[in-house]
1. What pairs come out if I take residues in the stretch 226-248 that are over 11 Å from A281 (Cα atoms) and part of a loop (DSSP other than H, G, I, E, B) and pair them with residues that are modelled with pLDDT under 85 and among the small types (G, A, S) whose C-beta lies under 7 Å away, six or more apart or interchain?
2. Return the residue satisfying two criteria in turn: it lies in the stretch 398-455 and is β-branched (V, I, T), touching a residue at least 60 places away in the same chain (Cβ under 8 Å) and within 25 Å of V606 (Cα to Cα), and of such residues it is most open to solvent (accessible area, probe 1.4 Å).
3. Take L528 and tell me if it is surrounded by fewer than 23 Cβ atoms within 10 Å (Cβ to Cβ), within 28 Å of A418 (Cα to Cα) and either at pLDDT below 90 or of a type in the set (A, V, I, L, M, F, W, C) (or both).
4. Can you tell me which residue within the stretch 955-974, out of those that are free of Cβ contacts under 8 Å to residues at least 40 places away in the same chain and hydrophobic (A, V, I, L, M, F, W, C), is most open to solvent (accessible area, probe 1.4 Å)?
5. When you check Y496 against the structure, is it over 21 Å from V584 (Cβ atoms), hydroxyl-bearing (S, T, Y) and either out of contact with any strand residue (DSSP E or B) (no Cβ under 8 Å at 6 or more places or on another chain) or modelled with pLDDT of 90 or more (or both), yes or no?
6. Here are some conditions: (1) more than 24 Å from I287 (Cα to Cα); (2) open to solvent by less than 70 Å² (accessible area, probe 1.4 Å); (3) at pLDDT 85 or above. Q198 meets all but one. Which one does it not meet?
7. Can you work out which of the residues in the stretch 372-397 that are open to solvent by less than 60 Å² (accessible area, probe 1.4 Å), part of a helix (DSSP H, G or I) and of a type in the set (A, V, I, L, M) is farthest from D580 (Cα to Cα)?
8. Given the options T515, T481, T464, name the one that is within 23 Å of Q566 (Cβ to Cβ) and open to solvent by 20 Å² or more (accessible area, probe 1.4 Å).
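The values are calculated or read from the model by the stated rules, or taken from the named source; none is laboratory data. It should be emphasised that the depicted structure is a prediction, and the values quoted were computed from it without experimental measurement. Cβ sites come from the backbone with ideal geometry, for glycine too, and all protein chains shown count toward neighbours. Only protein heavy atoms, including side chains, enter the accessible area calculation; ligands, DNA and RNA are left aside. Shrake-Rupley method; radii C 1.70, N 1.55, O 1.52, S 1.80 Å.
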Amino acid sequence: MLKVLTSSCLQNRSHAVATAFTPQVRRGTESNTPLLQVLGSLRSSNRRGLYLYRRFFCSDSTDGSEPNSEAVSEAKQAGGESQGGDADSKASAAIVPTVFRPEDCLTVLALPLPHRPLFPGVYMPIYVKDPKVLAALVESRKRQAPYAGAFLLKDEQGTDPNVVSASDTEKNIYELKGKHLFSRLHEVGTLAQISSIQGDQVILIGHRRIRMTEVVSEEPLTVKVDHLKEHPYNKDDDVIKATSFEVLSTLRDVLKTSSLWKDHVQTYIQHIGDFNYARLADFGAAISGANQLQCQQVLEELDVHKRLQLTLEIVKKEMEISKIQESIAKAIEEKISGEQRRYLLNEQLKAIKKELGLETDDKTALSAKFRERLEPNKENIPAHVMQVIEEELTKLQLLEASSSEFNVTRNYLDWLSALPWGSYSDENFDVLRAEKILDEDHYGLTDVKERILEFIAVGKLRGTSQGKIICLSGPPGVGKTSIGRSIARALNRKFYRFSVGGLSDVAEIKGHRRTYIGAMPGKMVQCLKSVGTANPLVLIDEIDKLGRGHAGDPASAMLELLDPEQNANFLDHYLDVPIDLSKVLFVCTANVLETIPNPLLDRMEVIAIAGYITDEKMHIARDYLEKGTRETCGIKPEQVEVTDAALLALIENYCREAGVRNLQKQIEKIYRKIALKLVRKGGEIEPQNAVVDQVKAESVDLADEIKYKEETQAGAEPTEGSNDDKPSENVAEAGALEAPVNQMQKSTDEDAHLQDIQETEEAIESEASKTIVEVVVDSPNLADYVGKPVFHAERIYDQTPVGVVMGLAWTSMGGSTLYIETSLVEQGEGKGALNVTGQLGDVMKESAQIAHTVARTILQEKEPDNQFFANSKLHLHVPAGATPKDGPSAGCTMITSLLSLAMKKPVKKDLAMTGEITLTGKILPIGGVKEKAIAARRSDVKTIIFPSANQRDFDELAPNVKEGLNVHFVDDYKQIFDLAF
């Protein structure tokens with residue numbers, strides 16, 4: 001606020017006051033102070049100024065109305081000199097002017113002041129835009145009457161003086177003319193000497209107070225004035241003295257504290273002795289930041305005491321403003337100085353450390369960090385990679401730390417230096433150890449284990465291992481992912497797993513280009529950085545579920561990663577240098593191979609995991625699942641017994657799928673319910689255990705006590721290192737005669753006591769063991785834990801009726817048996833037709849058509865007179881219509897069903913078959929031999945018919961799968977006809 005009020009005139013006033021308030025210098029006197037000497041030297045160049053100083057600061061405190069002749073001559077000379085720059089200076093110098101005194105000025109040109117009044121003894125620059133007024137001022141100076149009246153402009157009625165802007169005020173002044181201007185001016189103003197005119201800037205020096213009385217001429221406005229004098233006052237009046245001292249004191253305080261008033265300090269110090277009371281009041285008001293009305297009030301006040309009081313109010317207010325300013329400045333300084341100080345100290349600390357060599361700048365430190373990281377492995381880094389690293393390190397030094405390119409280069413070097421170039425973990429080629437580890441973690445899975453052991457054996461003979469790409473395919477829950485972890489443990493390799501299920505962005509595998517914001521290398525580079533070796537085992541999960549999105553085809557991007565010929569020089573888009581992945585062992589997992597693209601499948605070695613038969617599931621449940629679940633639930637083995645019958649029922653009726661994940665869930669369900677039951681009944685168990693513990697503790701203490709007594713009585717030292725004296729030994733010897741008798745008696749008593757304690761302890765332990773809750777889970781109460789059975793027996797018929805045959809099917813959950821039923825709808829001449837139901841796919845519908853044709857052909861051969869197919873409308877159905885069924889292996893089953901109905905003969909008991917058939921009656925091979933064999937065993941089927949081409953597959957099965965099965969291998973339907981009927 002103060003700045004706004006003082007901005008227009010404060011800067012110019014500082015110079016004006018400094019020039020105006022100067023001590024009187026008389027010609028011929030000795031200059032006895034440095035200031036007077038300086039002013040004496042300036043006499044020749046600015047005589048008018050000295051005249052003014054003498055006028056304002058007279059030793060006799062008069063108003064300077066009677067100048068001496070010397071002053072007048074100096075004024076003449078000064079007036080002549082000051083006009084030297086004008087065009088008509090010679091003419092004016094030639095005329096001998098009359099002396100023009102300030103008190104002779106009764107008619108003056110009225111100059112409006114927009115912001116503040118002009119005080120006597122003060123310089124003020126004003127800008128005169130009106131050319132007529134400017135011309136009149138120049139003319140006045142030529143006539144040696146260089147005086148004008150300076151009057152403060154009143155504010156317009158109805159306006160707030162604090163709101164009107166300076167530009168508006170200036171604009172209003174120039175528009176005012178004549179009587180209108182006269183009415184807008186304050187009556188009391190200052191008679192001002194025109195010191196100089198430069199362009200439209202006029203410098204005024206205030207002389208004395210005047211009052212306007214009337215208008216003489218309107219353009220430019222000239223007015224008649226009366227000269228005002230201060231009211232007489234007593235210089236020695238204590239009140240006036242005290243008021244003036246307070247003004248001086250307050251001025252001194254303000255000048256000390258306020259930075260805005262620093263320009264006035266010198267003036268104040270020089271002229272403090274020359275101030276009379278009236279001048280002191282004017283000085284205080286002139287240099288203050290008070291508003292124009294307060295200043296005008298001081299100017300109009302002719303009573304010196306009252307004027308001093310008004311000035312005191314103004315400077316006191318300045319003091320308050322100065323204090324507020326100081327507190328604001330202090331608060332802000334405190335706020336920011338802490339941060340600045342910390343910053344400066346940090347910068348100084350950095351500079352000092354740098355000078356002492358204790359610390360380097362950021363870029364040097366970064367480079368040193370990268371080189372330090374590379375040093376241990378430097379010999380193994382390929383030459384082309386080292387060249388790229390060196391180039392990037394050089395580039396880092398040239399870049400500005402604030403540039404975006406700097407961060408890109410830093411991140412790039414971070415990745416390059418973090419990779420394990422040529423660093424391999426030591427592999428363990430101990431086949432026996434590997435076999436033991438694999439057997440510990442997994443039951444069965446002979447094919448997989450055999451393949452891993454072969455891999456280890458080859459590595460041992462070669463002395464080095466190569467990477468391979470193995471794909472484990474099989475239904476969910478058979479342990480494909482956990483096999484990968486076991487292999488890594490057996491080989492002593494680091495393990496890393498990432499799933500590509502639903503992955504649709506190629507950049508996840510190949511990395512982003514470095515130009516993108518937030519670019520990252522692909523999964524393979526991240527894997528190498530994470531594991532820290534170049535030969536980890538990488539498990540790529542769900543490779544059959546790769547997505548394909550707008551960002552390319554990840555299945556195609558995987559080709560380079562999984563091709564043994566290409567991955568020795570795998571190129572990641574981010575790193576842009578070849579990486580050797582030939583030592584990495586890739587293990588992929590998939591549920592079905594059909595969805596994997598052929599080029600990708602071609603690069604992998606597929607090991608099929610068919611699933612587990614009931615026997616294997618029993619082993620897995622007992623040795624792995626039950627043990628782990630018991631520990632998880634915090635149940636002790638002696639508290640629970642799950643019978644074999646219960647486990648078998650659980651596997652047969654609840655968990656028929658190929659894997660064991662669902663079986664694990666059901667076992668967890670059983671144990672959770674047991675845990676709840678134990679906790680509910682567990683209130684009475686703890687105290688009994690506590691009693692047993694207490695009795696045991698007492699018996700131990702008693703045994704120790706007896707032993708101690710025995711040792712003491714036998715003369716042994718009770719404690720090691722005790723220094724018994726000889727008298728005690730003598731006592732022991734003295735009592736040695738009666739000791740045997742006492743000892744025998746005591747030992748008998750103590751033995752009896754110990755025996756009692758032992759019997760009590762055993763009794764309590766047996767009682768506690770009786771009360772420990774043991775939960776038995778058997779097949780009758782299994783439903784209480786896991787609910788009603790999910791699956792029912794697949795065998796609907798003990799002996800299949802006419803037209804019904806059991807087939808074998810493969811599903812993603814493993815193998816299952818299914819019935820194919822044919823029924824006669826109606827008979828009539830030429831009504832031969834076949835209707836098919838059971839939510840069958842296109843392949844099975846075609847199989848039904850082929851079966852119908854082949855059955856007619858065979859019936860024609862066997863019974864030429866039988867016209868059953870020609871005259872019968874038939875309905876063929878596959879039960880479980882809610883389940884979609886499709887596949888090429890039901891042909892022979894359908895033919896048998898049709899022929900059974902046509903010949904009215906049921907098929908043999910406990911017979912199941914599978915195989916695709918051609919129109920000529922040839923049997924084609926099928927898939928899922930193991931699953932179908934397992935399904936047959938589950939349904940207690942003893943005789944199975946398989947195509948001849950599948951004999952090798954069956955021979956490779958484990959003995960426990962083949963046990964108890966009578967399998968016939970056929971290649972023509974005629975063989976099936978003989979076996980079935």
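1. Pairs found: E230/A278.
2. Here is the first cut: in the stretch 398-455, the ones β-branched (V, I, T) are 408-409, 431, 437, 446, 448, 452.
From the residues that got through so far, the ones that are touching a residue at least 60 places away in the same chain (Cβ under 8 Å) too are 408, 446, 448.
The next check asks that each one be within 25 Å of V606 (Cα to Cα); those that pass are 446, 448.
Values: T446: 94, V448: 8 Å².
So, considering only residues that are β-branched (V, I, T), touching a residue at least 60 places away in the same chain (Cβ under 8 Å) and within 25 Å of V606 (Cα to Cα), the one most open to solvent (accessible area, probe 1.4 Å) is T446.
3. Values: surrounded by fewer than 23 Cβ atoms within 10 Å (Cβ to Cβ): no; within 28 Å of A418 (Cα to Cα): yes; either at pLDDT below 90 or of a type in the set (A, V, I, L, M, F, W, C) (or both): yes.
So L528 fails the test.
4. Checking each candidate, the answer is F969.
5. Working: over 21 Å from V584 (Cβ atoms): no; hydroxyl-bearing (S, T, Y): yes; either out of contact with any strand residue (DSSP E or B) (no Cβ under 8 Å at 6 or more places or on another chain) or modelled with pLDDT of 90 or more (or both): yes.
So Y496 does not fit the description; no.
6. (2)
7. The initial filter retains those residues of the stretch 372-397 that are open to solvent by less than 60 Å² (accessible area, probe 1.4 Å), namely 374, 377, 381-382, 385-386, 388-389, 392-393, 396.
Filter once more, so that each one left must be part of a helix (DSSP H, G or I): 374, 377, 385-386, 388-389, 392-393, 396.
Remaining after also requiring of a type in the set (A, V, I, L, M): 374, 385-386, 388-389, 393, 396.
On the way: L374: 18, V385: 12, M386: 15, V388: 16, I389: 17, L393: 23, L396: 27 Å.
In this case the residue turns out to be L396.
8. Working: T515 fails: within 23 Å of Q566 (Cβ to Cβ); T481 fails: within 23 Å of Q566 (Cβ to Cβ).
Criteria check complete, one pass: T464.
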